[in-house]
Amino acid sequence: MFTWKMNYGVWDKVPIYFWWVMIPLLVWEVVWKGIALWKSSRNAQKGWFVALLIVNSMGILPIIYLAFFQKRKK
């Protein structure tokens, strides 16, 4: 008798702890990137906006931008 089995590829072999690490890292990246993209667009810093949009650095580049390179209001 023929039975149909779904093939999920690699994802059915990924351990559960992978998701417990990746989901918080994804949220961390999205939050920092969102804040940095918002500030760079409001400050008309097109180069930083493009760099922040393209580079995925788990929040490191957005934190560097926010700490050192954003324009400060006086």
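Every read-out reported here was derived from the displayed coordinates using simple, explicitly stated rules and does not represent laboratory data. These figures come from a predicted structure and were not determined experimentally. Methodologically, a virtual Cβ is constructed for each residue, glycine included, from the backbone with ideal geometry; neighbour enumeration extends over all protein chains shown.
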- For the range 15-23, take each phi angle, set θ = phi - 60°, evaluate the Karplus expression 6.51 cos²θ - 1.76 cosθ + 1.60, and give the result in whole Hz per residue in order, putting x for glycine and proline. x, 5, 5, 4, 6, 5, 9, 6, 5
- Toy charge model, Lys and Arg Cβ at +1, Asp and Glu Cβ at -1: the chain dipole around Cα centroid in debye, rounded to 20, equals 620
- Message: With a cut-off of 8 Å between alpha carbons and a minimum separation of six or more residues, what is the relative contact order of the chain in percent?
- Response: 31
- Using just the helices of the chain, give the 222 nm mean residue ellipticity in deg cm²/dmol: DSSP H runs with n ≥ 4 each add -39,500 (n - 2.57), and the total is spread over all residues, rounded to 500. -18000 deg cm²/dmol
